[in-house]
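Engineer: So that we are looking at the same thing, I have put the structure below in structure tokens.
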Amino acid sequence: MGGFASDISLGSVLETLKSLYGVAQSTDEKQLLDWHLANLEYANAGCLSNLSAAQWDQDDPFEMAGDHCFLAGGNGRLIKAMCEGVAIFYRKTVNTIRYGNEGVEIIAGDQVFQADFALCTVPLGVLKKKAINFQPELPARKLESIERMGFGLLNKVAMVFPHVFWGEERDTFGCLNEKSHDRGEFFLFYGYHTVSGGSALIALVAGEAAQTFETTDPSILLNRVLAILKGIFQPKGITVPDPIQSICTRWGSDPLSYGSYSHVSVQSSGQDYDILAENVGNRLFFAGEATCRQYPATMHGAFMSGLREADRAEITI
Ligand SMILES: Cc1cc2nc3c(=O)[nH]c(=O)nc-3n(C[C@H](O)[C@H](O)[C@H](O)COP(=O)(O)OP(=O)(O)OC[C@H]3O[C@@H](n4cnc5c(N)ncnc54)[C@H](O)[C@@H]3O)c2cc1C
């Protein structure tokens with residue numbers, strides 16, 4: 001698909017096809033289809049109504065072979081290893097970046113850091129919010145890409161229970177929702193007991209539900225997710241205990257991200273990732289998942305974009 005299809009959302013195409021072919025008429029089929037649509041919204045961190053019908057899967061040809069996997073002990077181990085010997089200043093929120101022929105100045109509160117070059121890796125959500133004041137303003141084509149690209153939501157409730165009640169051998173299980181607009185609410189659960197060593201269970205919230213989740217009281221959300229778990233396990237004679245600890249993510253309102261990860265929204269294309277990756281005046285470089293056309297929305301995409309920019313900066317020097 002191309003041409004006019006870049007103005008059409010994946011959601012509207014699927015809705016049209018669904019009614020044209022009379023797909024998923026029974027309640028069971030409808031709920032099952034909704035589950036798969038929620039899964040698609042999870043993968044893209046966005047509502048289907050915002051995804052480009054023509055370009056949403058532009059990165060598919062680059063997909064790596066092999067299974068998805070969890071890193072035992074958590075991703076933090078990887079980050080820790082990469083940070084060894086690197087000077088990192090924590091709790092410095094950059095509010096201004098000045099750049100020009102002489103070099104760059106990074107301003108965080110009352111501190112000014114000067115350098116020959118800078119690599120900006122803040123999330124696309126932060127760029128969209130204009131939380132950083134670039135002086136001079138970024139080129140118009142980059143600003144237009146930032147505007148066009150999608151940066152949506154995937155939220156989670158993470159819970160630690162006194163024991164693994166969902167089955168030691170079970171890594172993941174799903175749940176069908178009755179209403180289409182709630183289809184992404186707690187539709188998928190991941191057990192982390194095999195990787196974290198504790199009885200941790202994570203419930204995913206995608207699509208429209210991820211947006212309402214942001215403004216709903218965590219105690220209400222916890223009660224809802226527990227009711228779902230009880231609905232699944234109590235008929236099997238399994239008691240669902242109260243969690244020892246729980247946390248609800250709020251990626252959309254976090255001022256250091258303003259969203260979860262990027263997607264190709266209506267009007268956008270893979271080219272916008274390349275434009276976001278362009279450096280400005282050989283002084284200001286950009287990396288991060290939203291600059292990686294082949295592997296966007298992933299950890300490895302973010303990592304590879306860092307290697308790419310280190311290489312570019314070295315060539316420039
Ligand atoms: C819920 C969820 C599930 C995910 N699941 C997976 C998965 O299963 N597999 C996978 O590969 N990827 C997954 N991802 C995506 C992956 O986490 C991201 O693609 C990756 O972390 C992006 O890395 P990044 O370096 O581009 O941005 P980030 O990791 O967001 O790093 C940006 C950094 O910039 C900092 N920052 C922001 N604003 C400022 C400022 N003004 N001043 C100073 N610092 C600032 C932030 O604090 C942050 O440390 C998931 C993401 C989410 C949210």
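Engineer: What percentages, rounded to whole numbers, describe P(r) for the chain computed over all alpha carbon pairs with 20 Å bin width beginning at zero?
Structural biologist: Calculated over all Cα pairs of the chain, the distribution is 27, 55, 17, 0 percent.
Engineer: Any idea how many Lys pairs in the chain come in under 29 angstrom at the alpha carbon, given 8 or more places apart or on separate chains?
Structural biologist: Close lysine pairs under the 29 Å cut-off: 25.
Engineer: Residue 256 to residue 220: extension gain in nm, 0.36 nm per residue of separation minus the Cα-Cα distance?
Structural biologist: Working: separation 36, 0.36 × 36 = 12.96 nm, distance 2.54 nm.
Gain on stretching residue 256 to residue 220: 10.4 nm.
Engineer: Okay, next question. What does the extension gain come out to for residue 87 and residue 242, with contour length at 0.36 nm per residue minus their alpha carbon separation? Write out the running numbers ahead of the final one.
Structural biologist: Working: separation 155, 0.36 × 155 = 55.80 nm, distance 4.19 nm.
So the chain would gain 51.6 nm between residue 87 and residue 242.
Engineer: In degrees, nearest 10, range 0 to 90: what is the angle between the Cα axis of helix 299-316 and the longest Cα principal axis of the chain?
Structural biologist: 10 degrees
Engineer: When the chain is fully extended, how far beyond the present Cα-Cα distance does residue 195 get from residue 21, taking 0.36 nm per residue of separation? Walk me through the intermediate numbers first.
Structural biologist: Values: separation 174, 0.36 × 174 = 62.64 nm, distance 4.31 nm.
Value of the extension gain: 58.3 nm.
Engineer: Please work out the FRET efficiency for the pair residue 43 and residue 282, using the Cβ-Cβ distance as r and a Förster radius of 35 Å; give the result to the nearest 0.05. Please report the intermediate quantities before stating the final value.
Structural biologist: Details: r = 36 Å, r/R0 = 1.02.
For R0 = 35 Å, the calculated efficiency reads 0.45.
Engineer: Once you place label points 7 Å from the Cα toward the Cβ at residue 234 and residue 303, how far apart are they in nm?
Structural biologist: 4.3 nm
Engineer: Is it possible to state the helix-based mean residue ellipticity at 222 nm for the chain, with each DSSP H run of 4+ residues giving -39500 (n - 2.57), the sum divided by total residues, to the nearest 500 deg cm²/dmol? What is it?
Structural biologist: Details: 10 runs with 105 residues, N = 317.
Rounded to the nearest 500, the figure is -10000 deg cm²/dmol.
Engineer: Additional query: At 7 Å along the Cα-to-beta-carbon direction for both residue 129 and residue 115, put a label point, then send me their distance in nm to one decimal.
Structural biologist: Each label point is offset 7 Å from its Cα along the Cβ direction, giving 2.2 nm.
Read-outs: derived from the displayed coordinates by stated rules, not from any lab. Keep in mind that what you see is a predicted model, and the values were worked out from it rather than measured. Cβ coordinates were reconstructed from backbone atoms using ideal geometry, including for glycine residues, and neighbour counts include every protein chain displayed.
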